[in-house]
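To start, the structure itself, in C-alpha cells.
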Amino acid sequence: MGASGSPLRHLPNLISTLRIVLVGPIVWALLERHFEAAIWLFLVAGISDGVDGFLAKRFGWTSRLGGILDALADKFLLVSTFVCLWWLGVFPGWLVLWIMARDVLIIVGGIVYNSRIERFEPAPSLVSKLNTFLQIVLAALGVVHIGIAPIPAGLLQGLMWAVVLTVFLSGAGYVREWTRRALAKGACRGG
C-alpha cells in the first residue's frame, strides 16, 4: 500500500480539525485574561498549521477537504483572536473589519465562482500566505503585549499597516484571478 493509500493520509485533516477545536479554548483564555495559556494554545495552533501543511505536501496527503479545513482553521483562529484583542482594547475595530472583509470577499467570491463558473479549488497566492503569516505574528504579539510584556507601539503599528496592505493585495489578487479564469472559461465556451 502506497503513502496515498495509508490510513495516515487523513492525519493533516485531523490536525486541521483539532486546530479549529482549539479556537474555543483560545477565545476563553483571552477573554478570561489567561494570557500565558492563550499564547501556549496559539503556539500549538501555529505549529499544527505548519505540521499539517508539511505532512500533506511531503507525503502527498493533500485533498480538497484538507485545503478547505486548513483555510477555515486559519480564518476561525485569526478572526476570533482579532475580535478578542479588539474587545480587550489592543487593536482598533477598523483593523478587525478590514481583516474580516477580506475573508468575506474570499468566501462569497469562492461560492459564486463555484456555483457559476467551475469548482473552486482553494490555492492561496504568495501574498495571501504572507498576509496569513503577518496576521499570526500580529495576533501573537497582541496577546504578548496585553498580557506578558509590552511590545513597542511602532512595531505593532508597522505590522498593522503591513497586514492592511497585504489584506488589500491578497483580496485584489483573488478578484483578479477569479475574473481572469471566468473570462477564460467564457472565451472557451464562446469559441
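Given all pairs of different Cα atoms, what value in angstroms does the Kirkwood hydrodynamic radius of the stretch 1-71 take? Working shown, then result.
Details: mean 1/r = 0.0777 Å⁻¹.
Answer for the stretch 1-71: a Kirkwood hydrodynamic radius of 12.9 Å.
Give me a comma-separated list of calculated 3J(HN,Hα) values for the stretch 166-182, in order, Karplus coefficients 6.51, -1.76, 1.60 applied at θ = phi - 60°, integers in Hz, x for any Gly or Pro.
Each residue of the stretch 166-182 in turn: 6, 4, 4, 4, 5, x, 5, x, 4, 4, 4, 5, 5, 5, 4, 5, 5 Hz.
Based on the Kirkwood radius over alpha-carbon pairs, what is the Stokes-Einstein translational diffusion coefficient of the chain at 37 °C with 0.692 mPa s viscosity, in µm²/s?
Details: Rh = 17.9 Å.
Estimated diffusion coefficient is 183 µm²/s.
Kindly write out, for the stretch 61-70 in residue order, the coupling ³J(HN,Hα) from the Karplus curve 6.51 cos²θ - 1.76 cosθ + 1.60 (θ = phi - 60°), rounded to whole Hz, with x marking Gly and Pro.
Those phi angles translate into 8, 7, 7, 4, 4, x, x, 5, 4, 4 Hz.
About the Cα centre of the chain, what is the dipole size in debye to 20, counting +1 per Lys and Arg Cβ and -1 per Asp and Glu Cβ, all else neutral?
Details: 16 positive and 10 negative charges, 160 e Å.
That gives a dipole near 760 debye.
Only the coordinates and a few stated rules stand behind these numbers; no lab work does. All values reported here derive from a predicted model rather than from experimental measurement. Using ideal geometry, Cβ is built from the backbone for each residue, glycine included, and neighbour counts are taken over all protein chains shown.
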